[in-house]
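Take a look at the structure set out below.
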Amino acid sequence: MFVINLKMDYKKILFFCIICATIIASIIEFGFNDTSIFTNASIDDFYYNVTEDNFVSSLKLIHENIDENIGRTIKVSGFVYTLPDFKEDFFVCGRYLETEDSTQVAGYLFNYNGDMELNENEWIEICGTIIKGDYNGSVPVIKVDQINKIVAPANTYVKEK
């Protein structure tokens, strides 16, 4: 017959459990995060999460403070809109902006050179990173990280608030 007699030191066992829990928590928190924002992977947190309610205010804020917004992430939805003088890989993700006098397209300029074919007036949701570009002067351009085709919302118009 074989018998083992162990003396338990609860302080050491508790200390060991705390160390193990800290290591596991560190691996979960830091070990699985992709630190690169320039990938096609899904981004969960956005500096700007543009909605119907803040579409115009976010657009103004980004345009007025280009340098401060470089490298920040954004998520926006709208329809594809192009102009004849756009470079090949550029388009606007826009919405119709209602003013007192008229309706016009307002939106964000995107740079996309991926495989998905985008058609004029097609609704999309885009996640990207703000960079500085040039279109009739210095403008913010959003480099596409992820793009999805979506169904147009019930209200396709935005108003300045």
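Nearest 20 debye, what's the magnitude of the dipole of the stretch 48-159 about its Cα centre given +1 on Lys and Arg Cβ and -1 on Asp and Glu Cβ? Each step should come with its number before you reach the end.
Values: 9 positive and 18 negative charges, 54 e Å.
In total the dipole reaches around 260 debye.
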### Summary
Here, GluC sites (Glu not before Pro) of the stretch 61-161 satisfying both criteria (DSSP loop; at most 10 other Cβ within 10 Å) are Glu88, Glu100, Glu117, Glu120
#### Entry: Under 9 Å, Cβ to Cβ, from Tyr135 - net charge with Lys/Arg +1 and Asp/Glu -1
-1
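List the trypsin sites (Lys or Arg not before Pro) within the stretch 50-123 that DSSP assigns to loop and that have no more than 12 neighbouring Cβ atoms inside 10 Å. Before the final figure, lay out the partial values.
Working: sites: Lys60, Arg72, Lys75, Lys87, Arg95; in loops: Arg72, Lys87.
Those satisfying the criteria are Lys87.
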## Note on the structure
Of the listed links Lys87/Lys159; Lys75/Lys132; Lys60/Lys149; Lys87/Lys143; Lys132/Lys159, those spanning more than 20 angstrom between alpha carbons are Lys87/Lys159; Lys60/Lys149; Lys132/Lys159
### Summary
With DSSP loop assignment and no more than 14 other C-beta atoms within 10 Å, the chymotrypsin sites (Phe, Trp or Tyr not before Pro) in the stretch 58-95 are Phe86
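The numbers here are math on the coordinates, done by the rules we state, and not lab data. This one's a predicted model, so the numbers in the text were calculated from it and none came from an experiment. Positions of Cβ are generated from backbone atoms using ideal geometry, with glycine treated the same way; all protein chains shown enter the neighbour counts.
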